[in-house]
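J.: Sharing a structure below in structure tokens format, with a few things to ask.
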There are 2 protein chains.
Amino acid sequence: STSDTKITVELLRQLRQAMRNTKYIAEPIQAYIVPSGDAHQSEYIAPCDCRREFICGFNGSAGTAIVTEKHAAMWTDGRYFLQASQQMDNNWTLMKMGLKETLSQEDWLISVLPENSTVGVDPWIIAADQWKNMSKALASAGHSLVAVQDNLIDAIWMDRPTRPSTQLLTLGLGFTGLTWQDKMTALRSKMAERKISWFVATALDEIAWLFNLRGSDIEYNPVFFAYAIVGMNTIRLFVDIKRLAVPTVREHLQLDTPSKVELSIQTAPYESVFTELQAVCASLGPKEKVWISDKASCALMQVIPKTHRSPIPYTPLCLAKAVKNATEIQGMKMAHIKDAVALCELFAWLEKEIPKGTVTEISAADKAEELRSQQKDFVGLSFPSISSVGPNGAIIHYRPLPETNRTLSLNEIYLLDSGAQYIDGTTDVTRTMHFGSPSAYEKETFTYVLKGHIAVSAAIFPNGTKGHLLDSFARQALWESGLDYLHGTGHGVGCFLNVHEGPCGISYKTFADEPLEAGMIVSDEPGYYEDGLFGIRIENVVLVVPAKPKYNYRNKGSLTFEPLTLVPIQAKMVNTDLLTQKERDWVNEYHRQCRETIGAELERQGRKEAMDWLIRETQPIA
Amino acid sequence: STSDTKITVELLRQLRQAMRNTKYIAEPIQAYIVPSGDAHQSEYIAPCDCRREFICGFNGSAGTAIVTEKHAAMWTDGRYFLQASQQMDNNWTLMKMGLKETLSQEDWLISVLPENSTVGVDPWIIAADQWKNMSKALASAGHSLVAVQDNLIDAIWMDRPTRPSTQLLTLGLGFTGLTWQDKMTALRSKMAERKISWFVATALDEIAWLFNLRGSDIEYNPVFFAYAIVGMNTIRLFVDIKRLAVPTVREHLQLDTPSKVELSIQTAPYESVFTELQAVCASLGPKEKVWISDKASCALMQVIPKTHRSPIPYTPLCLAKAVKNATEIQGMKMAHIKDAVALCELFAWLEKEIPKGTVTEISAADKAEELRSQQKDFVGLSFPSISSVGPNGAIIHYRPLPETNRTLSLNEIYLLDSGAQYIDGTTDVTRTMHFGSPSAYEKETFTYVLKGHIAVSAAIFPNGTKGHLLDSFARQALWESGLDYLHGTGHGVGCFLNVHEGPCGISYKTFADEPLEAGMIVSDEPGYYEDGLFGIRIENVVLVVPAKPKYNYRNKGSLTFEPLTLVPIQAKMVNTDLLTQKERDWVNEYHRQCRETIGAELERQGRKEAMDWLIRETQPIA
């Protein structure tokens, strides 16, 4: 352990005391689980929800801590073994997930607990499906899982930050394409179709999308803490009431002048969702059903009596949000043009500055942010920039820190995976560049990754195809040479929303994905990583569009992808001998589009150096 | 309905009487389910197990009948809608699975049953996982599923055939590569590894494989009715005792002179497995676990108390059987050489005979069987031959019948999907031929199918890859032109065992498949079907072998396929302009191997006409 290590002796003593304190629980509990999420199962969380980090010191994005009377253990995956072992003191055992010898949380609990133990967890921060599995496993060994209503970490966390309540931003039709009233009507018709009386919205991005509102409660994600309950004639929005005092927000939600009774929104404090849902459930008719995501918190799920509960893996909002309308597509295109302008400017600047030896991973990322922030309607980054030189590029979820910060040079590959939130759209792009002379091996592997990128981007496939069926196309060229990469190929991308969203994606791991449809937006990002040497990834955000191949089997129709990202792919890194004519044509056509579309905008913005760079980088390859 | 239709008025009256008869059940049942399988969930079943066919007349391979006091309904899939509607009289409602408006069995039962109904099923012919789902669904609507020990179809089936008890064939080391004692020891070490005390074998092919025995109780599948229960020091084999009177069998199983006590086999009648398993379970220690397939019958599963039960999707025998040893691989190669000899002879003969207008789908299939039967160690066909001309080829599971029998001609495509059982191996091959001049469209689509076939066969992929990740390679060329086929790409193939076996395969539908390993054998069979016109399929059986690409990422190693089937692919059907150089090379190398290997055997067997045909059909393409 290093200076980074959090000392947890006293905290663990306090937590164990709380586990026996009748102020919180009727009977002492023998173990307490601290999951890493918030009450909405968000991927990124606010500081007030970093409870697992508070108790053990480990601040990675994934990990679960469990404390018993004698033990404290924390489960995380391969990305974080090193970091976790440095951040946790020796009161904690690191449970390395994915290793054969590592016990699961359930098996570990069963192995260390005395007979008939009680395990506690905050029902608000454990997802309903996880609760179910854990509860079943513990019961089979004679233990029981109980919901502890007061969070025991909060009980001992003296300087816990308050829950953010940032200003709400209202989005007009020019950005959303649909009013929230339209979206509400569409939701209700889905409910009617499936004979559902109520829908409980718990995912923050779904609520933001439904109401055409944005916030900044969580870094990188333009969302705000809220719940919504929608009935056929009722809309209840649970949110910090102070936020609704702003006239533009009141006007947007028609709080004072509702047009129709069924579109009048009743607002209530964020915390009151529990009692309000109880009230709704108490008045349900015998056959009435309530839709709720199976990833909702156990607390909310259990409010709904089993006979009325209809848990679903993807809510109708999640599905509707994934298929972008014409306005959203137009916005995403605009955002990607602005983003490309910033990146062309950045790469032209890097070319000039790198030889001076003064550019580092951190300063390059900062420069990228600065250039993006000059673009219209810039809001912030869409995730922490992965700015990595040489061996750091092989660390897939790398984020430069002062102690790892490497200088960009003419000798090492530079990988930049970054993106931004603009009011009209969200971007996510990776380019891998060499500013000197890449080795034959670097070019060879880069070219395999490019072949995989093209194979997905140019793929034509039947309507109704799920994204995971395209994953192997991205790997074929690498596999042929005995290479591979250990991450998925693509994820759904929100429109001025989360950079990662369901229900579609391109991954060998996901089989629960929904079929791709025209209007969906995903990333295409194969890679190759040589531990200790370099990392390569080529990522575009692509739009699913109809394709018109020669035939149309069973009138099913076909789909393909259109790149939204328009940033040149460095030709210097390509071994053109390894490309087929079709692949060379794809690269040249892509670069023609970059030159045409981004060139026009660079011209308009008068960015001469970036323009020269763009012209040079988009020369046709032979 | 046609002359094919079975009249079921009287049978249904009798069945409904049995459903109220206290001789069989304490209380009347309101519905009775008749599944299509046998007690081992075999894909093909013996005549005595064709209970669903007996009650409703429909004799397809998949379908479930349910009879209530007032209704009778039968569920089957799209392959069989026409056939089922012809074979069933109007007492039966055909439930078309896969159509949106068709209720599931559970939902239909709930919609027609009076409150608090009891639904009966024979627990021996419903798989444990199916029982669980059905029972849960019925319970949620206030009904209950009960096990009816006496099969009510058997009760009214006067001339029901007896269960076959064919002669057992013992296989020596020269065919199996491992003695049954070796296999038993390997099984026990897997059990010890996972702390399992007992294993119950219920799948017929697993039992045949384990004991190096074969039978002919079920057409096409060289298996025999049996169960086995294996403990760490005990082996119990449940089989018709008469079959064990043969000296070679007694010797093979060492029934009279067991070498070691833990390898001594206790034999017992087939029917006694239930009471013997009860006895085993009664003597289990508190922590002892019993392995059983989750596809075992509900009857056997429920004998094992829940705390001792360890149901598994794939048994250790299923996994061990899938990876063929060197002797089995050698046997499979020999079987495929003999099979190719028969097919070369057939195709040479067809070329000569077709112009006379005397060859039909049925006579061509018969000729193929006759030629195969001339080969050494021929046992029988491995499945009913799909011999189809023109539009019949578009019916994926076609089987020629006198009323559909078409004559082979110079104008229509001929598709032959056939295979055989030899003592050294099992074959399954599809070739699609044109004996006149194929149209440009026929050649175009054939070539796309060929490209897909090659893409799978030549694929290089990392060790540990599951077969379903290769499925899209087979479709890529078809998809690019807007075409597709609606079946999987490949299935596991047994060695002188079932032509379809788990746990591996190549399909977009299966995600529960096990990773491919060197020594596994699967089929590679993409197709294209133009309804009302023609069908195309190109199928080889291929062996998973290690590949040696340029690099070796993380020392994982790579795999590829080696074709075992060596029958020329008709060059006349190929539009060579659509092939890449790599694909042309693959075809030429494949044909070189056919000529070399099959040529040598044709020469040895003195089959001159087939030899001439082979030489001509294996000329390199330009």
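The values are calculated or read from the model by the stated rules, or taken from the named source; none is laboratory data. Given the structure is predicted, the values throughout are model-derived calculations rather than measurements. No Cβ is skipped: glycine too gets one built from the backbone with ideal geometry, and neighbour counts run over all protein chains shown. Quick note on the areas: whole protein, heavy atoms, side chains included, nothing else; ligands and nucleic acids left out. Shrake-Rupley method; radii C 1.70, N 1.55, O 1.52, S 1.80 Å.
J.: I'd like to verify a number: residues in the range B:567-586 that are within 14 Å of chain A (Cβ to nearest Cβ), surrounded by 19 or more Cβ atoms within 10 Å (Cβ to Cβ) and not in a helix (DSSP H, G or I), how many?
T.: Residues that pass the stated criteria total 1.
J.: If we scan the range A:228-239, do we find a residue that is out of contact with any Pro (no Cβ under 9 Å at 6 or more places or on another chain) and in contact (Cβ under 8 Å) with a residue 60 or more places away in the chain? Please lay out each step first, then the result.
T.: Initially, the range A:228-239 is screened for residues out of contact with any Pro (no Cβ under 9 Å at 6 or more places or on another chain), giving A:228-237.
Right, trim to in contact (Cβ under 8 Å) with a residue 60 or more places away in the chain and you get none.
No: zero hits.
J.: Here is a follow-up. Which of the residues that make up the range B:296-313 are at pLDDT 95 or above and under 20 Å from the mean Cα position of the chain (by Cα)?
T.: B:Ala296, B:Ser297
J.: Return the residues of the range B:282-311 that are surrounded by 17 or more Cβ atoms within 10 Å (Cβ to Cβ) and of a type in the set (A, V, I, L, M, F, W, C); say none if nothing qualifies.
T.: B:Val290, B:Trp291, B:Ile292, B:Ala296, B:Cys298, B:Ala299, B:Leu300, B:Met301, B:Val303, B:Ile304
J.: Restricting the search to the range B:225-259, which residues are surrounded by 13 or more Cβ atoms within 10 Å (Cβ to Cβ) and assigned to a helix (DSSP H, G or I)?
T.: Of everything in the range B:225-259, those that are surrounded by 13 or more Cβ atoms within 10 Å (Cβ to Cβ) and assigned to a helix (DSSP H, G or I) turn out to be B:Ile241, B:Arg243, B:Leu244, B:Val249, B:Arg250, B:His252.
J.: Based on what the data block shows, is A:Ala512 of a type in the set (A, V, I, L, M), in contact (Cβ under 8 Å) with a residue 40 or more places away in the chain, within 12 Å of chain B (Cβ to nearest Cβ) and not in a loop (DSSP other than H, G, I, E, B)?
T.: For A:Ala512, the condition - of a type in the set (A, V, I, L, M), in contact (Cβ under 8 Å) with a residue 40 or more places away in the chain, within 12 Å of chain B (Cβ to nearest Cβ) and not in a loop (DSSP other than H, G, I, E, B) - is not met.
J.: When the residues of the range A:461-470 are filtered to those that are in contact (Cβ under 8 Å) with a residue 24 or more places away in the chain and at the interface with chain B (Cβ under 7 Å from one of its Cβ atoms), which remaining residue is nearest to A:Ile536 (Cα to Cα)?
T.: A:Leu470
J.: Sticking with this one: With the structure loaded, tell me whether B:Ser111 is outside any strand (DSSP E or B), open to solvent by 40 Å² or more (accessible area, probe 1.4 Å), in contact (Cβ under 8 Å) with a residue 40 or more places away in the chain and small (Gly, Ala, Ser) or whether it fails that test.
T.: No.
J.: A further question on this structure: Identify, from the list A:His453, A:His434, A:His487, the residue that is within 19 Å of A:Leu533 (Cα to Cα), open to solvent by less than 10 Å² (accessible area, probe 1.4 Å) and more than 9 Å from chain B (Cβ to nearest Cβ).
T.: After ruling out the rest, the residue left standing is A:His434.
J.: Considering each residue of the range A:587-618, count those that are open to solvent by 50 Å² or more (accessible area, probe 1.4 Å) and either without any contact (Cβ under 8 Å) to a residue 24 or more places away in the chain or part of a loop (DSSP other than H, G, I, E, B) (or both), and give that number.
T.: 10
J.: I need the full set of residues from the range B:525-559 which are surrounded by fewer than 21 Cβ atoms within 10 Å (Cβ to Cβ) and among the hydroxyl-bearing types (Ser, Thr, Tyr), in order please.
T.: Within the range B:525-559, B:Tyr551, B:Tyr553 qualify.
J.: Further question: With among the aliphatic types (A, V, I, L, M) and facing chain A (nearest Cβ under 10 Å) as the only criterion, which of B:Leu416, B:Leu478 stands out?
T.: Only one candidate qualifies: B:Leu478.
J.: Right, something else. Quick check on my filter: what residues within the range B:211-245 are aliphatic (A, V, I, L, M) and within 30 Å of B:Ser385 (Cβ to Cβ)?
T.: Passing the criteria: B:Leu213, B:Ile218, B:Val223, B:Ala226.
J.: Additional query: Only one of these is more than 30 Å from B:Gln593 (Cβ to Cβ), open to solvent by less than 20 Å² (accessible area, probe 1.4 Å), assigned to a helix (DSSP H, G or I) and not β-branched (Val, Ile, Thr): B:Leu346, B:Leu317, B:Leu350. Name it.
T.: Matching residue, one of B:Leu346, B:Leu317, B:Leu350: B:Leu317.
J.: Of all residues in the range A:114-139, which are open to solvent by 20 Å² or more (accessible area, probe 1.4 Å) and either more than 28 Å from the chain's Cα centre (by Cα) or more than 27 Å from A:Ala46 (Cβ to Cβ) (or both)?
T.: A:Pro114, A:Glu115, A:Asn116, A:Thr118, A:Ser135, A:Lys136, A:Ala137, A:Ala139
J.: Working only within the range B:567-598, note down all residues that are closer than 18 Å to B:Trp349 by Cβ and more than 31 Å from the chain's Cα centre (by Cα).
T.: B:Lys572
J.: Condition (residue is in contact with a helix residue (DSSP H, G or I) (Cβ under 6 Å, 6 or more places away or on another chain) and within 14 Å of chain A (Cβ to nearest Cβ)) applied to the range B:490-505: is it met by at least one residue?
T.: Checking the range B:490-505: not a single residue is in contact with a helix residue (DSSP H, G or I) (Cβ under 6 Å, 6 or more places away or on another chain) and within 14 Å of chain A (Cβ to nearest Cβ).
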